Every structure is written in C-alpha cells, then in structure tokens.
Amino acid sequence: MADDRKLTPRSEDFAAWYNEIVQRAELADYSPVRGSMVIRPWGYGIWERMQRALDDMFKATGHENAYFPLLIPMSFIEKEKEHVEGFKPELAIVTHAGGKELEEPLLIRPTSETVILEMFGKWVQSYRDLPLLINQWANVMRWELRPRLFLRTAEFLWQEGHTAHASAEEAEEETLRMLGVYRDFMENWIGMPPITGLKSESEKFAGAVRTYACEALMQDNKALQAGTSHFLGQNFSRAADFTFQSEAGTEEYPWSTSWGVSTRMVGGMVMTHGDDDGLVVPPRLAPTQVVVVPIYRNDEERSATLAKAAEVEARLRDDGVRVKVDGRDHLNPGAKFYEWERKGVPLRVEIGPKDLEKGSLCIARRVVPEGEKRKVFPAEAEALASIPGRLDALQTDLRDRAVARREENSYRGVSDWGEMKEILETKGGFVYTGWSGDPAVEARAKEELKATIRVIPGEEFRSDTAPDRCISGEGAAAHEVVWARAY
RNA sequence: CGGGGCGUAGCGCAGUCCGGUAGCGCGCCUGCUUUGGGAGCAGGAGGUCCCGGGUUCGAAUCCCGGCGCCCCGACCA
C-alpha cells in the first residue's frame, strides 16, 4: 500500500483488501499455528451477536443445546463409508496422550454426526422419544490445505444441529425448516441474502442423502456457501446401529438431519458490506451500534462535552441501543472517526462546543445514502429519537442493496456454454442454466471454467421460464441450476 | 503438493547486488502546545537482523542446509 493508513481498494485486489480489512478492523489475527486464527474482541462480539440470534431461532423451533466431546474414536467415523472417504484427507488425529501411544487414535471432530447419533441410540428406545432435536455450539477442525481468515480455517466455530425422526417426511421437513431459518437469519441479521436450493451429488455432504445450501454472492461476484442443511436418511443411524421401536412395534432406523453455520459468516458479512474505507457491520450484529465522540479545545469544553456524551449514552442505552463513548484523550477526533469507520460502527454522534451552543447533535453515518452528506445536524431531542429508526433503516437498506447487487449479477436463461464462459471469466456472478444431471458436465465446468453448480435452486429462486436444454448442448434439462466460481 | 513472494524494533519497510558493527515511517513512553476528518515540537524506550553450519580479521549482507509465513493454483462435507 502506498499509504498504509488506507486499505487496498477492492477493485485493485479484492483478496488483499479482505485480508487487510479483517486485520485492520481488528476482527481476527493470524495465530502461531498455520491455518488457525485468533478471533479478536470486535470479531468475536459480532459472532456472539450471530450466536444469540440463531440460538433464539433454534429454541423457537424446538431445539435444545447439548455438548458432545471434541475427540471421536477413529472407529466411529469409519462406520459410514462415504463420510470417512469425504473427510479423511482433512482429519487431524491424536495418536499420543498421557505420554503413551493410544491404542485407538482419536480424531479431532471435523463434524459430530457419528458420535451424536451413537449417543442418540442410547437415549431413544421408542417412537415416543422422537423427534430428538439437538444443537451444539462447538469448534471443529478440518485440516485445510489453503486457509483464509474466517472463510476457511483449520479450526472454526460453528453450530451443528442434529435431529432424529420417526419418518423420512418429518426429517425432510426439518431439513428444509432449518434451511429456512438460515436464510431468514442471513437476510435479516447479516443482510446477506442467499439463494437456497439443493446441492448436486458431487457437492453434497459426505454421507448425506441430500444437501441443501445457502449460497451468497460476494462483492467480487464469487459465491460463498454460507450454510448447509442435510437430509441424512438412515445412513448415520444405520452406521451407529441406532434403532427405535415404531408405533406398529417394528424395529426401525430413525431418519436424521444435520445443519450448520460457522464463523465463515463473519467473512461473508465482510465481503457483502465492506467498502474501501473498511468494514460495515449491520446494526443488529454490531457490538457497538453508536459511538459518541466528544470534541473539545480546553478543559471546560472537555467536561461539558463529556457530560453531554454521558447523557446521550444513558438516553440511548435506555432505548436499547448499544452505545459507547470514546473519551480517549490522546487521539484527536479525526483519528477516532477513521478508526470507528474502519471497524464499521453504523452511526457516530459527535458532540462539540457548537452543538452544545445550538442544542443540536451531529450524526455521522457509516453508510451515506446516495446523493447525501455523511453528517446531519438535527436538534438534540430529534437526533436522539431518530437513532433507533436510523439503525433499523440501515439494517434494511443493507439487505436491500445486497439483494439488488445479487440480482444485478445474476444471469438467467443462459443457454450457451460460450456465454456462460464469458460471464464467469469476466464479470462473475450467478449463472442460471439448464442441466441434464450428467456429472461430466460439472467436471467440465470445473476444469474449464473453475465454476461449480452452487445449487439446484428452490422454487422461489427458479426462473419464470424453465430451461429445456442442458448447458452442455447435450440432452434435455433435468433441472435449472446456478453456476458460479466459489470460495 | 506445484508456482511466486517474504522473514531486519509492536506494525510497515529500507539496507543484502558491492561484507566494516543497524536505519526510516508509523506506533509506544514523558512533557508542553493541540483537538469539528488520520496533530505539532522536544526528549526517550525498544533489535538473538527466522534458525543451524561454513567462509572471513570482520556476516543482516557471501556459501550450504533447515524452518516458518503470505499470495496464486491443486484440494475444500
């Protein structure tokens, strides 16, 4: 960077911009262990807001939290053939403990289906014990070859929901319900509107019957898989020899689901809303929604503006606003402005001698509406009263802008391979086409275009006119699919 | 695992080609003056120059061997 106070612009080098913003907004830092990161208070505060909102949504849909162990016996994961095939390359395995080599290696969970279903088997005897609706907040480890802060780290934080049901229909319903919860959360809390749908066979979770996913489009027009919900059929209950007695008296394997979202969503938030000045945190996720900066030239003004700042803080806190006064004396106001803008705090209230004199407050907005100025100067009472509404409006505005950007960069009705190639190699974005269902077409796209089918879109995201031919030119379209380059 | 880049003060870097005992900016500490968009001045603290060997009177610099990190790719339920 020419000026190390400024970020590399997104247009110049999006990856560099992303790395700089994550560190300079103090979201996270590299740790001594390659592939692992330290989540700093500002980043963790955002994750905590995400957790709280999601946890409420899980509880509201009947789930309870539990906690299962970090270490899983090697033999457990080997019980489900596809599962172990899928995960083996990225497992971290503990072979020694207590100064001795272990008889059976223990793996650090990459996900917990195997151990959770094993335990479910001990707890469930009858259909009356079903459904079992469990979630856990945990860390997992997948030894990724190429880590990226938040987007792909060896260790990451997530939640994994695991449920068991007496019927396939009920389990499928649960799978879709949680996909909907994720979508709702991403739209209304992160302001990161995903498209949702089914994964193709080649992209589904190892061991699942069907995988549904939320796919969001980042500002560089690459897709981010932001959450998945799996219908596991009876695969994992069979592997764990988990059975129950049905109402009819027969012994059956339950139908299970699993679903997860992770700290990757923090990366998605960065790449959805951040700009060349820094991070933009949606109000509902911001650990601090309003920062109050006092401005003064002498001790008298200092005490007067600090007193007013405390008053403003108390008033906003009463209104349920997360507010903080930045009373640091060794920084001048400009330095504070830049810092809080870089960290993405939605609103700033500036209080100086002129405001005290006029009985007004300065409200500076992190995101400036088109054609307007950053700062407005309403009378104090009006300013304070307006803040909750301003936060709500920004929350909605961020989402609406993201929806608009997603749609502007979605290309429907593409029927020619060359056209798809042209889009993916230049602008990027979501490309909707027909697909015969032949995996060879996916393989070709991956090789030639570095693109994959992100989802077979759910009904609501499908085009008005269903494509009739496969994008390969060979055969009829079995589905409409969405292609993109992805993280 | 392939390609590229980089390891020198907390951070960002120069110095390395051409060997001579370590420097710049930011940050940090103290004081004074400042404070409405990244303050100024003065004084100050801070370094196994990634590690190990070798060459040399002398190595951040040259030679050999390691290690680590970042980026691009392969891979990524």
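The values are calculated or read from the model by the stated rules, or taken from the named source; none is laboratory data. Predicted model, so just to flag it, every value in this text is computed and none were measured. No Cβ is skipped: glycine too gets one built from the backbone with ideal geometry, and neighbour counts run over all protein chains shown.
Which residue out of A:ARG405, A:ARG454, A:ARG401, A:ARG365 is closer than 25 Å to A:THR272 by Cβ, surrounded by 14 or more Cβ atoms within 10 Å (Cβ to Cβ), assigned by TED's automatic domain parsing to the domain that holds A:GLU350 and modelled with pLDDT of 95 or more?
The unique qualifying residue is A:ARG365.
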Flagged in the stretch A:339-365 as within 12 Å of A:VAL291 (Cβ to Cβ) and either more than 9 Å from RNA strand B (Cβ to nearest atom) or of a type outside the set (D, E, K, R) (or both), in numbering order, are A:TRP340, A:LYS343, A:GLY344, A:VAL345, A:PRO346, A:LEU347, A:VAL349, A:ILE351, A:ILE363, A:ALA364
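Out of A:LYS88, A:LYS122, A:LYS81, I need the residue that is within 15 Å of RNA strand B (Cβ to nearest atom), assigned by TED's automatic domain parsing to the domain that holds A:GLU252 and closer than 19 Å to A:ASP241 by Cβ. Which one?
Exactly one residue qualifies, and that residue is A:LYS81.
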Among residues of the stretch A:137-149 being in a strand (DSSP E or B) and touching a helix residue (DSSP H, G or I) at 6+ places or on another chain (Cβ under 8 Å), the residue modelled with the lowest pLDDT is A:ARG148
Taking the stretch A:232-258 and keeping only residues that are acidic (Asp, Glu) and touching a residue at least 24 places away in the same chain (Cβ under 8 Å), one is left with A:ASP241, A:GLU247, A:GLU252
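Does A:GLU460 satisfy being surrounded by fewer than 17 Cβ atoms within 10 Å (Cβ to Cβ), within 30 Å of A:ARG284 (Cα to Cα) and out of contact with any Phe, Trp or Tyr (no Cβ under 6 Å at 6 or more places or on another chain)?
So A:GLU460 passes the test.
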Only unsatisfied item for A:TRP47, checking (1) over 15 Å from the mean Cα position of the chain (by Cα); (2) surrounded by 13 or more Cβ atoms within 10 Å (Cβ to Cβ); (3) not charged (D, E, K, R), is (1)
Wholly inside the stretch A:150-230, strands (runs of 3 or more DSSP E) that include 2 or more residues that are over 21 Å from A:ASP275 (Cα atoms), away from RNA strand B (no atom under 16 Å from the Cβ) and in contact (Cβ under 8 Å) with a residue 24 or more places away in the chain are A:155-165
